[in-house]
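Reviewing the structure listed below.
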Amino acid sequence: MIARRRLHVLVPAAGNGARFGGHKQYADLSGRHVVLRTLERLRTGLAPDALYVAVAHDDTEFERLPGRPPDVRLLRCGGATRAATVANALRELVGRCADDDWVAVHDAVRPCVPLDALARLVRHLADAPIGGLLAVPVADTLKRANRGAETATVAATVSRADLWQAQTPQVFRFGVLRRALAQPGALAATDEAQAIEALGLAPSLIRGSDANIKITHAEDLALAAAILAAQAQVAAHA
């Protein structure tokens with residue numbers, strides 16, 4: 001267990017999947033729902049003390065999923081943004097979490113996070129005072145676009161030096177994360193690390209994996225299925 005403190009895993013799953021064309025967390029991924037594959041991967045890789053899924057207040061789908069893990073605790077606290085959902089969930093966890101317990105927040109639609117990446121995350125955070133996140137250094141050339149044009153044009157090439165692409169899980173002390181998300185403007189943060197940074201703190205960057213994709217568009221399901229199949233093949237020959 002991380003630093004001998006309890007580890008609580010929180011999976012926000014309240015999004016409506018506008019770019020996907022539906023609730024992508026409930027899409028079929030090789031015969032099993034995306035969110036269930038994600039939960040299975042987190043349980044195997046992190047062995048948490050508690051596992052929570054935060055859904056929209058009117059969500060009726062999760063409880064009807066076949067094979068839903070009985071130990072997953074459902075939180076009906078979805079907000080207008082991801083940060084709002086996480087902040088609402090943390091309020092519901094008051095009394096269940098000590099301030100120095102760890103909370104790992106992971107996207108419901110990242111079912112392929114490799115077990116070795118999760119192991120690195122746990123190992124690097126063993127004595128961390130704040131926490132950190134999985135991320136990968138940016139490999140591609142980055143362009144900034146001119147705004148307002150009907151057809152996008154390049155305004156500038158952006159140096160990729162020292163740039164990392166954030167992934168999840170993102171793991172922080174419960175008390176610190178709750179305080180960060182209670183700050184003015186924090187609910188506009190696109191990930192937990194951004195809210196932590198606004199406190200003047202520097203989360204650790206732990207090397208993630210290109211396999212840890214986020215399912216955003218319908219075509220991402222085929223890629224996720226291929227990654228899962230490749231991972232299963234490697235595991236079978238390990």
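If you filter segment 105-119 down to residues that are touching a Gly at 6+ places or on another chain (Cβ under 9 Å) and outside any loop (DSSP other than H, G, I, E, B), you find that the one that is surrounded by the fewest Cβ atoms within 10 Å (Cβ to Cβ) is 116.
Every residue, every condition in (1) more than 25 Å from residue 48 (Cα to Cα); (2) over 19 Å from the mean Cα position of the chain (by Cα); (3) among the hydroxyl-bearing types (Ser, Thr, Tyr), yes or no:
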residue	(1), (2), (3)
145	yes, yes, no
156	yes, yes, no
186	yes, no, no
195	no, no, no
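Considering segment 90-143, the residues that are β-branched (Val, Ile, Thr) and at pLDDT 95 or above include one that is farthest from residue 38 (Cα to Cα), namely 141. Against the test of being under 20 Å from residue 123 (Cα atoms), out of contact with any Gly (no Cβ under 9 Å at 6 or more places or on another chain) and of a type in the set (Lys, Arg), the options 207, 160, 179 yield a single qualifying residue, 207.
Looking only at residues of segment 66-89 that are aliphatic (A, V, I, L, M) and modelled with pLDDT of 95 or more, we find that the one that is nearest to residue 195 (Cα to Cα) is 83.
Only residues that are crowded, with 16+ Cβ neighbours inside 10 Å and either touching a helix residue (DSSP H, G or I) at 6+ places or on another chain (Cβ under 6 Å) or among the β-branched types (Val, Ile, Thr) (or both): list them for segment 122-133, please. Across segment 122-133, the qualifying residues are 122, 125, 130, 133. Looking at this structure, is residue 225 surrounded by 15 or more Cβ atoms within 10 Å (Cβ to Cβ), at pLDDT 95 or above and within 18 Å of the chain's Cα centre (by Cα)? Here the answer is no, as residue 225 does not meet what is asked.
When 91, 96, 68, 64 are screened for being under 23 Å from residue 214 (Cα atoms) and charged (D, E, K, R), only 68 passes. If you check 85, 38 for being in contact with a His (Cβ under 8 Å, 6 or more places away or on another chain), closer than 30 Å to residue 201 by Cα, in contact (Cβ under 8 Å) with a residue 60 or more places away in the chain and of a type outside the set (Gly, Ala, Ser), only one passes: 38. Looking across segment 46-60, the residues that are of a type in the set (Gly, Ala, Ser) and closer than 15 Å to residue 6 by Cα come down to 47, 50. Of the numbered criteria (1) crowded, with 19+ Cβ neighbours inside 10 Å; (2) under 20 Å from residue 89 (Cβ atoms), the one residue 166 fails is (1).
Residue by residue, here is whether (1) touching a residue at least 60 places away in the same chain (Cβ under 8 Å); (2) among the hydrophobic types (A, V, I, L, M, F, W, C) holds:
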position	(1), (2)
178	yes, no
183	no, no
196	yes, yes
199	no, yes
203	yes, no
206	yes, yes
216	yes, no
223	no, yes
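Residues in segment 144-159 that are at pLDDT 95 or above and surrounded by 12 or more Cβ atoms within 10 Å (Cβ to Cβ): 158 only.
The values are calculated or read from the model by the stated rules, or taken from the named source; none is laboratory data. None of these values were measured; they are calculated from a predicted model. Cβ coordinates were reconstructed from backbone atoms using ideal geometry, including for glycine residues, and neighbour counts include every protein chain displayed.
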